[in-house]
1. Here is a list of conditions, (1) surrounded by fewer than 18 Cβ atoms within 10 Å (Cβ to Cβ); (2) more than 25 Å from A:Phe249 (Cα to Cα), and A:Ser396 meets all of them except one; can you say which number that is?
2. Residues to consider are B:Ser40, B:Ser62; find the one that is more than 23 Å from B:Ser128 (Cβ to Cβ), among the small types (Gly, Ala, Ser) and either in contact with a Pro (Cβ under 8 Å, 6 or more places away or on another chain) or crowded, with 18+ Cβ neighbours inside 10 Å (or both).
3. Take the residues in the stretch B:363-374 that are within 13 Å of another protein chain (Cβ to nearest Cβ) and assigned to a helix (DSSP H, G or I); name whichever of them is modelled with the highest pLDDT.
4. What number of residues within the stretch B:456-487 satisfy the criterion of being out of contact with any Leu (no Cβ under 7 Å at 6 or more places or on another chain) and either hydrophobic (A, V, I, L, M, F, W, C) or within 13 Å of chain A (Cβ to nearest Cβ) (or both)?
5. Can you name the number of the only condition in (1) crowded, with 20+ Cβ neighbours inside 10 Å; (2) within 14 Å of chain B (Cβ to nearest Cβ); (3) of a type in the set (A, V, I, L, M); (4) within 25 Å of B:Gly396 (Cβ to Cβ) that A:Ala161 fails?
6. Using beta carbons and a limit of 8 Å, which pairs, at least six apart or on different chains, have the first residue in the stretch A:7-19 and farther than 17 Å from A:Gly31 by Cβ and the second one part of a helix (DSSP H, G or I) and of a type in the set (Asp, Glu)?
7. Quick one: in the stretch A:399-418, which of the residues that are under 21 Å from the mean Cα position of the chain (by Cα) and crowded, with 24+ Cβ neighbours inside 10 Å is farthest from A:Leu335 (Cα to Cα)?
8. Do you know which of the residues in the stretch B:384-393 that are more than 7 Å from every other protein chain (Cβ to nearest Cβ) and not hydroxyl-bearing (Ser, Thr, Tyr) is surrounded by the fewest Cβ atoms within 10 Å (Cβ to Cβ)?
Amino acid sequence: MTDWLATILIVLPLVAALVVWLLPLADRAVGSLALLAALVEIGVWINAVTRFDFGRSGPQFDQQHSWFGDLGVSYHVGLYGFSLWLVGMSVVVLGAAIAYAFWTGRPRPRAYFGLMLFLTGAVVGVFSSLDLLLFYVFFEAMLIPLYVLVGVWGGAGRLTATLKFVIYTMAGSLLMLAAIVAFGLTQGTFDLASGATSDNDLIFLGFVAAFAVKAPLFPFHGWLPDAYRESSAEVAAVLSGVVSKAAGFGFLFIAIPHFPQPAHDLQWLVLALAAAGLVYGSLVAFRAPDVRGVIAYSSLAQMSLVTIGLFALNTLGTTGAVLQMVNHGLISASLFLLAGVVERRATTGDFALLGGMARGRPALATLLMTAGVIALAVPGSTAFAGEFLILAGVFSQGWGWAVAGALGIVLAAMYMLRLISAVLHGQVGSAVPDEALDLRPAELAVVAPLVALLLVLSAWPAAVTDHLTF
Amino acid sequence: MPTPNVDWFALSPSLVLLGASALCLLAAVLVPAAARKFFSASVAALGFVGAGVMAGWLFADSSQATLEVADAITRDRFGAFAQILVAGAGFLAVGISYGQRTRADHVGEYYALLTASAGGMAFLVQASDLMTLFLGLEWFSICLYVLCAIEIDAVSSLEAGLKYLVVGSFGSAVLLYGLALVYGATGELQFGAIADAIQAHGLENDGLVLAGLALIIAGLGFKASAAPFHMWTPDVYEGAPTPVTSFMSAATKTVALVLAFRVLVTAFPAESDLWELAVAVIACVSLAWGNIAALVQRNLKRMLAYSSISHAGFMLIAIAADNELGAKALLYYLIPYGAASLGAFGVVAARERELGERVTLDNIAGMGWERPLLGVSMWAFMLTFAGLPLTGGFVGKFYVFAAAYDAGMWWLVIVGVIATAISLYYYLAVVRSMYMRMPELEVRLAPVGGSPPREGLLQGTVLACTAVTIGAFFAVQPLIDLAEKAAAQLPL
């Protein structure tokens, strides 16, 4: 049974997706079923945590079956300590997204919830792959449901948004495919647990290209504003909270350990891009005219910070980066869902038309405030712990990088406080009707657990940082 | 006059199809009009099943490649594999054809021609000398010329038939000239003997041989619709009746590429440096031209035609690699490609019958929601064309890239990757149309009244194509094992 846990985590949502697609269920039943599957998935993950042996390194719950033997490709999955936390964050955020969509009600629910569940399976697959080609398969499989989720259920500009999103990500991914072919055939295996290394800079850059688009890093972020603005709130939450972490995982698990020499030689390049993205993203977030713009560009900045931590190439930076990935997944999901809540009431996310929503809406104000304050890494918060580790890690590589990182953190305070005050405080905005309600119980039930998890992590960040195995 | 020993078993796939063809022709005269369509379609379907079974048996029973019938044909697994693909494509094409409103008085002939052309294809892939090569090629081509023009009421169909005839004949002439030059230089017809003669007489750089080789590559390029020999493809694919197009796109390409690989590696191993480069260049041109021209198409059949040109490019990469991995890649690639090609044209045929007009990106708007089965299937076909995971097209492209990399042609991998990135734009345009746009005006349905016809057979065929397309992704090992057995019998 234990051996099957990683496989179950991948297959369960995929089977649920098939059930939703194929059985002629009523609309309400579809949503409930999808939510149930998402909750069971979280339950399976909790079960996996309790069974996980944090005392030993190497993959656990691993399973391997040959897929096509002549090239040495296999279905090989398993979880490390760090990927366990990424999977956990993902299933929680996707569960929240499904619950939010269920409450909001989406047209064509069978297609919608099936795609959300399929996406869940693909995301978990990315974080549990121990085979390079399998990783690529899941990495691309994420794109398929996202393409439809944004393209069908998105806003007015959804067609352009999906087109940009797909062209950018596929351009990166295909370079990675070429790199995978080269790496795998040179090594004679596609297995990631084998510890094969290469010192070919070009192959390394092929991987970096894919992850730099997915994260995204400056200047590969052209798809980001459209995709985050045009998709529905819960899909934006998944995009920025979960999907971007696939890039962090890729850097951490593939690009850095399998290319030690190129990663070391080209460290300056990735760090420079990440530092530029951090400062640029923070500045644009500070000037963004709407709620989603701030969260979108802050996401660019935060993923750049995570990349800085990973490319510090030491334990301190890596630990901080993993913690910060979990943090950012929860923060950004909470913020996007709250943005969706605000947009449902005011029909806009434009700061010029918003304001004064705190009065008479204590639940909304409390949750937005808490999530925002954690996002700006106030001391004592889990984001502070993560960012501190990242800065400490990168400081040893050169104080200049740490300065850029610190600058980003200062700017984070500026754009987050601007977001909070523009939505909650000041004059009541012209688009905010007096009768707009506070969070409904269902909305509260979706967002409050995410924020509660952030508070738990703030009290005990060691839950993640002391339980990382590689 | 001595007669050669004929291995009838080796010829059985072709013979079964010829027999089915003869029965269909008889049916056109003897069976009453009311039952004619059902009878001839059933005979054709059974003929394809029979040919597939015989080819499968031939595959199992040919553990050694041997030359049969006075060394004119090769009995080997490489040919049998391609015959299975042709038989499968023909079988599915019958399913797509059945609901087509062709003229009732030509329905027997239609299936007779379909089976006869498949018989020619099955013969061609076994060819092992220049005469059987040309015979097989003309045999199936002439059947296809007529099939393209079979809807004689439709101007477009006549035009397609004529265009295909003129350009195809030109291609055949080029090929024939090449064959003649090679024969003139070496004095041999049989592929292996040509290779020996080139070796023995030191003809590696002989002008006649090289000119002949170039013309042979060009002639086969016409049939495989590889750029720059593709000019006929968009017009013919668009104008021909859609079921015929579906069969051509899957089967003609299969046999032309399989045969090209066979000729090049058995007859011209001494010139491999030259033809590898030539094929690689043609592959690049096909990828570039096919993909870029497909970007601007609104008509779905034209778009798929250009896409088929680009796929010829991908498969030529596998040929250019000139190694066992390349042979495996080519054979594997053909499975999901053929299924997706048939299926995609099947979906086009379904829409065509609903609307009674040409299918464009505009009039499939919203179709995915109205016709869930066809919509999801089209999704799968576009994904497999684009080489995205969970479809066989992904594994096929992966093998092709692996073969090119293995042969040291990493630049072909880069070209392939760029081409794939471009192709996403137009493949996803189909999905975008079907799911993300709603029809701007009420789509005018064909004047049949009420809901459009429910074509169980067509839908079943499309579903089967989807199953193969997606199944090929999961069942890579068994398929690759078969391809490996087939590839092992080539002199690589």
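1. (2)
2. B:Ser40
3. Taking the stretch B:363-374 as the starting set, the residues that turn out to be within 13 Å of another protein chain (Cβ to nearest Cβ) are B:365-366, B:368-370, B:372-373.
Of the ones still in play, those that are also assigned to a helix (DSSP H, G or I) are B:368-370, B:372-373.
Numbers: B:Gly368: 89, B:Trp369: 89, B:Glu370: 86, B:Pro372: 90, B:Leu373: 93.
Ranking the qualifying residues of the stretch B:363-374, first place goes to B:Leu373.
4. Narrowing the stretch B:456-487 to residues out of contact with any Leu (no Cβ under 7 Å at 6 or more places or on another chain): B:456-458, B:460, B:466-469, B:471, B:474-482, B:484-485.
Narrowing further to those that are either hydrophobic (A, V, I, L, M, F, W, C) or within 13 Å of chain A (Cβ to nearest Cβ) (or both): B:457-458, B:467-468, B:474-482, B:484-485.
The total comes to 15.
5. The number of the failed condition is (4).
6. A:Leu9/A:Glu41; A:Leu12/A:Glu41
7. It comes out as A:Gly405.
8. Of the stretch B:384-393, the ones more than 7 Å from every other protein chain (Cβ to nearest Cβ) are B:384-387, B:391-393.
Applying the additional criterion that residues be not hydroxyl-bearing (Ser, Thr, Tyr) yields B:385-387, B:392-393.
Details: B:Phe385: 29, B:Ala386: 23, B:Gly387: 30, B:Gly392: 28, B:Gly393: 30.
Here the answer is B:Ala386.
The values are calculated or read from the model by the stated rules, or taken from the named source; none is laboratory data. As the structure is a computational prediction, the values presented were derived from the model and not from experiment. Positions of Cβ are backbone-derived with ideal geometry, glycine not excepted, and every protein chain shown enters the neighbour counts.
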